1. Can you pick out the pairs among 92/119; 25/137; 59/150 whose Cα atoms lie more than 22 Å from each other?
2. What is the distance in Å between the Cα centroid of the range 129-146 and that of the range 97-118?
3. Projecting each Cα onto the charge dipole of the chain (Lys/Arg +1, Asp/Glu -1 at the beta carbon, about the Cα centre), which of 97, 133, 69 comes out farthest on the positive side?
4. Roughly to the nearest percent, how much of the accessible area of the range 108-187 is carbon and sulfur, given a 1.4 Å probe?
5. With the alpha-carbon atoms as the only input, what is the per residue convex hull volume for the chain in Å³?
6. Based on DSSP H runs of at least 4 residues, each adding -39500 (n - 2.57), what is the mean residue ellipticity at 222 nm of the chain after dividing by all its residues, to the nearest 500 deg cm²/dmol?
7. Expected output is a single nm value to one decimal: the length gained when fully extending between residue 191 and residue 89, i.e. 0.36 nm times separation in residues minus the C-alpha distance. What is it?
8. Residue separation times 0.36 nm, minus the C-alpha to C-alpha distance between residue 124 and residue 168: what's the value?
Amino acid sequence: MQNNNVSFTSKIQFVPWKTFSKMQKKNEILYFHDTPNILKADEFYSMDIRTCTGGGLTKPSTQEAEGFHFWDDRVTNKKANDNVISLIRFVKNPERGIILGGKRLDENPLSIPLFNKFKQLISERVNNNLTVFGIHKNEYGQTHYHYDTKNDTWTICSEYMKRGNGPQRAVNSLGTLRNAFEEISIAPGDRLFIGNKEILPKDAPDIFK
């Protein structure tokens with residue numbers, strides 16, 4: 001007999017670049033102008049999300065998932081609704097999602113409006129079960145992600161630069177996570193880890209829905 005009360009818990013884990021770079025990864029989602037960079041697969045990843053918007057939708061009950069990486073250009077802005085409709089065609093009735101990216105740069109005026117548009121459209125389709133890591137605070141901030149349906153885990157490396165000519169550093173604590181993004185919102189049911197340490201709602205009640 002099927003248990004309709006089963007709840008699924010997605011794991012979100014921030015790791016340093018050394019760990020992320022050595023992971024065995026397949027199915028890279030690249031980013032091109034004029035192309036809806038969407039991929040449905042058991043496993044996928046995308047790199048160098050800066051002013052773009054990245055993330056994915058999942059359906060843990062059927063182990064379906066898809067990732068995306070949308071360029072912040074005029075074509076994407078014009079076709080934002082169509083892109084989200086395409087997402088729903090690949091994974092029907094998605095249950096959870098994650099969205100990340102965006103940056104406030106004068107030379108990229110569509111970055112924030114597009115991020116917010118995708119956030120709203122996707123959130124509506126997953127009943128607000130959307131985890132958000134929005135708007136890189138650092139001019140040189142960037143994020144890479146990987147997802148695997150087998151363990152329902154998002155592995156994220158979010159990098160920032162303390163000085164314009166300094167080395168890239170990765171989020172490695174709750175403090176550096178807060179310093180990396182303007183908006184952090186963990187969806188109900190998602191578990192947040194930084195390295196091997198779990199961040200519980202009591203540790204940061206403001207970021208858990």
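1. 25/137
2. 10 Å
3. Of 97, 133, 69, it is 133.
4. 43 percent
5. In the chain, the Cα hull volume divided by residue count equals 122 Å³.
6. Roughly -6000 deg cm²/dmol at 222 nm, from the helical runs in the chain.
7. The residue 191-residue 89 span can extend by a further 34.0 nm.
8. Stretched out fully, the residue 124 to residue 168 stretch lengthens by 12.3 nm.
The values are calculated or read from the model by the stated rules, or taken from the named source; none is laboratory data. What you are looking at is a predicted structure, and each value in this text was computed from that prediction instead of being measured. Here the Cβ is made from the backbone with ideal geometry for all residues, glycine too, and neighbour counts use every protein chain on show. All accessible areas refer to the heavy atoms of the entire protein, side chains included, with ligands and DNA or RNA removed. Shrake-Rupley method; radii C 1.70, N 1.55, O 1.52, S 1.80 Å.
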